[in-house]
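Presented below is the structure to which this report refers.
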2 protein chains.
Amino acid sequence: MQLGILVYPQVEELDVVGPWEMVTTWGQLPGAPSSCRIVAESTQPLLCAKGLSINPDLSFGNCSPLDVLIVPGGQGSRREVDNPALISFLAHQGSHCQAVLSVCTGAFLLHAAGLLSGRKANTHWGSLDRLRALGDVTVVEDRFTRDGRTWCSAGVSAGIDLTLRYIATTAGEAVAGQVQLATEYFPSVECYGEASANPGAPNYLLG
Amino acid sequence: MQLGILVYPQVEELDVVGPWEMVTTWGQLPGAPSSCRIVAESTQPLLCAKGLSINPDLSFGNCSPLDVLIVPGGQGSRREVDNPALISFLAHQGSHCQAVLSVCTGAFLLHAAGLLSGRKANTHWGSLDRLRALGDVTVVEDRFTRDGRTWCSAGVSAGIDLTLRYIATTAGEAVAGQVQLATEYFPSVECYGEASANPGAPNYLLG
C-alpha cells in the first residue's frame with residue numbers, strides 16, 4: 001500500500017505535516033503501508049506558504065500509481081487549480097486510488113480534477129462560501145467528512161483528525177490508537193479568544 | 001522579536017511543524033514577531049525522523065541572538081545530546097533568550113545544555129522515566145509545563161498546545177484566538193483504542 005502527499009509552492013505546512021506524521025507513524029507498525037512519499041511537479045526545493053523549504057521525494061512523472069493520495073491546501077491552491085500538470089496528475093491518480101483525502105483548501109484541487117462533483121465536502125471555515133459557490137458540492141461543516149472514497153477535512157490542523165479517522169477505518173481502532181499514543185495526540189480543548197463569536201465559524205464549533 | 005526552531009537529523013516532523021505553524025501564523029498578524037527561522041548546524045538538506053527532507057534557513061554560525069528558541073524532539077535527540085556544536089549553540093542562545101520551549105524529547109537537549117537543572121519539565125510519555133533518571137529535574141506529567149522562561153511540552157503533537165499557550169501568555173488571549181481560528185485548531189477529542197490503559201500513559205490522560 002503506497003501513500004502519497006501532493007505538494008506545490010505555498011502549500012500550508014501543517015496541512016502537509018499533520019497527515020504525514022500520522023501516516024508515517026502508522027507506517028512503522030507491523031502490517032502497515034509500505035511508505036508515504038512527498039510528490040510534486042518537480043523535485044526541486046519547494047517553499048511552503050509560511051516559508052518552510054522542503055524537498056519532494058518524487059515528481060509527477062516518476063510517481064507510480066498510488067493507493068492513497070492526500071491533497072493539502074494553502075494559499076498556493078488558488079493558483080494550482082489552473083495548473084494543468086497538477087490537475088491532470090490528480091485526476092489520473094484519483095481515478096484509481098482507494099482513497100483521496102483533502103485538507104483545508106485542498107478540496108478546490110479535488111474539485112478542479114473532477115473528484116468532488118455531486119459529493120459532500122468541506123474546507124477551511126474561511127473558504128466555505130467559495131466551496132458552496134462551486135454549485136455542485138454539498139458543503140458539510142464538520143471537522144471532516146467522507147463521501148465514498150473521498151474524504152475532506154476542515155482547515156489546516158483538521159488534517160490530523162481526518163487522517164487518524166482514515167487509519168481507524170482502514171486498519172482498525174486499535175491501530176489508530178497506537179498512532180495516537182505514539183504521536184501523543186490528546187490535544188488540549190482550550191479555546192482562546194472567542195472563535196465561536198466569529199460570524200464565519202463553522203457549524204461544528206457552534207454545536 | 002526573532003524566533004528560531006532548532007533542527008537536526010532525525011528531528012520529529014510534527015515537533016517542528018506544529019509550533020512552526022502557530023508562530024508563523026502569529027507572525028502574519030499586526031505587531032507580531034518579525035520572523036521565525038529554521039536553524040541547524042548546517043544549511044544542507046536535512047532528513048527528519050520519518051523521512052521528510054527540509055532545508056534549514058540558517059546555520060549556527062550565521063544565527064543572530066534569538067528572542068525565543070524552540071527545541072523539537074525526535075529520535076535524533078538521543079545522538080545530539082552528545083553533539084558539542086548543537087549543545088553549545090543551545091547553551092549560548094538559551095542564556096539570553098526571553099523563552100526556550102522544548103517539545104517532546106527536546107527536553108533532553110535543554111538538559112544537556114544546562115537549561116533544565118532544578119526546573120520542572122516534561123517530555124514524551126515514553127521517555128518520562130528517562131527524564132526522571134536525570135535526577136535534577138522535577139517531572140510534571142501535564143500537556144505542557146512552564147518554569148520561568150523555560151517551557152516543556154509532552155510528546156510530538158503537544159508542541160502545538162504549548163506554542164498556543166506561549167502566544168497567549170506573550171501577546172494575549174485574543175491574539176492566540178486569532179492564531180487558533182486561522183489554523184482551525186479546534187481538535188477532535190476522539191480517543192482511539194485504549195490509550196489510558198497503557199501503563200506508561202501520562203497523568204494528564206488519566207485525570
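Once the chain from B:Leu58 to B:Asp147 is taken as fully extended at 0.36 nm per residue, the excess over their C-alpha distance is 29.2 nm.
Comparing Cα centroids, region B:160-186 and region A:22-90 end up 28 angstrom apart. For a modelled paramagnetic label at B:Arg78, 7 Å from Cα along Cα-to-Cβ, the residues of region B:124-167 in reach, with backbone nitrogen under 19 Å, are B:124-135, B:155-157. Near B:Gly51, once Lys and Arg are set to +1 and Asp and Glu to -1 for all other residues with Cβ below 12 Å from its Cβ, the sum equals -2.
Counting only other chains, and only Cβ atoms inside 10 Å, what mean value do you get across the residues of A:194-201? Let's see the in-between values first.
Numbers: counts 4, 7, 2, 1, 3, 0, 1, 3.
Counting Cβ atoms of other protein chains within 10 Å of each residue's Cβ and averaging gives 3.
Per-residue shielding of A:22-31, expressed as the average number of other chain Cβ atoms within 10 Å of the residue Cβ, stands at 2. Put in order of Cβ neighbour count within 10 Å, fewest first, the listed residues B:His111, B:His96, A:His124 become B:His96, B:His111, A:His124. In terms of the mean number of neighbouring beta-carbon atoms within 10 Å, the peptides A:126-133, A:12-19 order highest first as A:12-19, A:126-133. Ascending distances from the A:Ser88 label point to its copies in the other chains, with the point 7 Å along the Cα-to-beta-carbon line: 5.5 nm. In plain terms, the chain from B:Ser117 to B:Asn198 could stretch by 26.3 nm, reckoned as 0.36 nm per residue minus the Cα-Cα distance. From the Cα gyration tensor of chain A, with a ≥ b ≥ c the square roots of its eigenvalues, which class applies: rounded if a/c is under 1.5, or else prolate if a/b is larger than b/c, or else oblate? Rounded is the answer for chain A, as its axis ratio a/c remains below 1.5.
A short reminder: the numbers here are calculations on the coordinates, not readings from a lab. Note that this is a predicted model, so its numbers are computed, not measured. Heads up, the Cβs are rebuilt from the backbone with ideal geometry, glycines too, and the neighbour counts pull from every protein chain shown.
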